[in-house]
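> Here's a structure for you.
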Amino acid sequence: MAYRLAVFDMAGTTVSNTDLVAVVLVQTLAAHGFHAGLEQARALMGYPKPEAIRRLLGSAAEEVLVRRLHNDFVPRMIASYRDSDEVAPMPDAEGCFAVLRARGIRVALNTAFTRDIAQVIVDRFHWLRDGLIDDLIATDEVAAGRPQPDMIRALMARQGLSDPAQVIKIGDTEVDIREGRNAGAGLVIGVTTGAYSRAALQAYAPDHIVDSLSELMPLL
């Protein structure tokens, strides 16, 4: 199969930020009087953040409250991604992008963040400006976020592709894997650099699991 588009997740896959996202989620809930554990938040990485908040709130998850907490989460996350020294490109990410593009495979990022958060990351690393990636899409730009395939399908349309078998999906969570499967991606790869261990990823049956993006190219 001639792959033409590689769709990478951001936090935990191409962006190294330890538990920053889960920590900010927990802090946001705490600021409004709700308790959530770090492990609970970590298990929801990859989901659209309003959905993650909804699940963390449980029986208290009225939509007005979910929106209020998400509206508080967004500026907290933007500030963290703009200022934190913990945030960096994942090792081998930029080299992987360059090799893929040199082989004629376009590189796109998709994310469970809203566009304003995602743009801060991409601007900080100059990935679009310097041509390291070809496209970026966020969960608030489509009707449904992960695990639905809307973001991948929108990227395909923007890149002029009609066959999902030409798409590679790479991510560090179960919803990344399910998103790839729901889109019909030709290759779905889990990576252990983020929220999920190898054993946890195996439960969702990706085509391959890698411990580093440097292991991606031999699979192609």
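The values are calculated or read from the model by the stated rules, or taken from the named source; none is laboratory data. Note that the coordinates shown come from a computational prediction; the quantities given were computed from them, not determined experimentally. So basically every Cβ, Gly included, is an ideal-geometry build from the backbone, and we count neighbours across all protein chains shown.
> Looking at (1) under 23 Å from Ile78 (Cβ atoms); (2) within 16 Å of the chain's Cα centre (by Cα), can you tell me which one Arg129 breaks?
That leaves (2) as the condition not met.
> Right, next: Would it be correct to say that Ala200 is exposed (fewer than 14 other Cβ atoms within 10 Å of the Cβ), without any contact (Cβ under 8 Å) to a residue 40 or more places away in the chain and assigned by TED's automatic domain parsing to the domain that holds Gly104? Walk me through it before giving the result.
Working: exposed (fewer than 14 other Cβ atoms within 10 Å of the Cβ): no; without any contact (Cβ under 8 Å) to a residue 40 or more places away in the chain: yes; assigned by TED's automatic domain parsing to the domain that holds Gly104: yes.
No; evaluated as a whole, the condition is false for this residue.
> Now for a separate question. Among the residues of the stretch 116-137, is there at least one that is in contact with a strand residue (DSSP E or B) (Cβ under 7 Å, 6 or more places away or on another chain), β-branched (Val, Ile, Thr) and within 11 Å of Ala6 (Cα to Cα)?
Initially, the stretch 116-137 is screened for residues in contact with a strand residue (DSSP E or B) (Cβ under 7 Å, 6 or more places away or on another chain), giving 118, 121-122, 125, 128, 133-137.
Applying the additional criterion that residues be β-branched (Val, Ile, Thr) yields 121-122, 133, 137.
Filter once more, keeping what is within 11 Å of Ala6 (Cα to Cα): 133.
Checked against the condition, which is being in contact with a strand residue (DSSP E or B) (Cβ under 7 Å, 6 or more places away or on another chain), β-branched (Val, Ile, Thr) and within 11 Å of Ala6 (Cα to Cα), the stretch 116-137 yields at least one hit.
> Also, I was wondering about something else. Outside the structural domain of Pro164 (by TED's automatic domain parsing), surrounded by fewer than 19 Cβ atoms within 10 Å (Cβ to Cβ) and small (Gly, Ala, Ser): does that describe Gly46?
No: the conditions fail for Gly46.
> Further, regarding this structure: Select, from Ala31, Ala11, Ala36, Ala93, the only residue that is more than 16 Å from Ile117 (Cα to Cα), assigned by TED's automatic domain parsing to the domain that holds Met151 and either in contact with a helix residue (DSSP H, G or I) (Cβ under 7 Å, 6 or more places away or on another chain) or at pLDDT 95 or above (or both).
Values: Ala31 fails: assigned by TED's automatic domain parsing to the domain that holds Met151; Ala11 fails: more than 16 Å from Ile117 (Cα to Cα); Ala36 fails: assigned by TED's automatic domain parsing to the domain that holds Met151.
The conditions single out Ala93.
> Are there any helices (runs of 4 or more DSSP H) wholly within the stretch 1-103 with 1 or more residues that are closer than 22 Å to Ser197 by Cβ and among the aliphatic types (A, V, I, L, M), and if so which?
In the stretch 1-103, the matching helices (runs of 4 or more DSSP H) lie at 20-31, 38-42, 49-57, 93-102.
> Filter the stretch 175-185 down to the residues that are assigned to a helix (DSSP H, G or I) and either under 11 Å from the mean Cα position of the chain (by Cα) or not charged (D, E, K, R) (or both), then identify the one that is nearest to Val15 (Cα to Cα).
Residues of the stretch 175-185 that are assigned to a helix (DSSP H, G or I), as a first pass: 175-183.
Going one step further and asking which of them are either under 11 Å from the mean Cα position of the chain (by Cα) or not charged (D, E, K, R) (or both), we end up with 175-177, 179-180, 182-183.
Numbers: Val175: 17, Asp176: 15, Ile177: 18, Glu179: 19, Gly180: 19, Asn182: 24, Ala183: 23 Å.
In this case the residue turns out to be Asp176.
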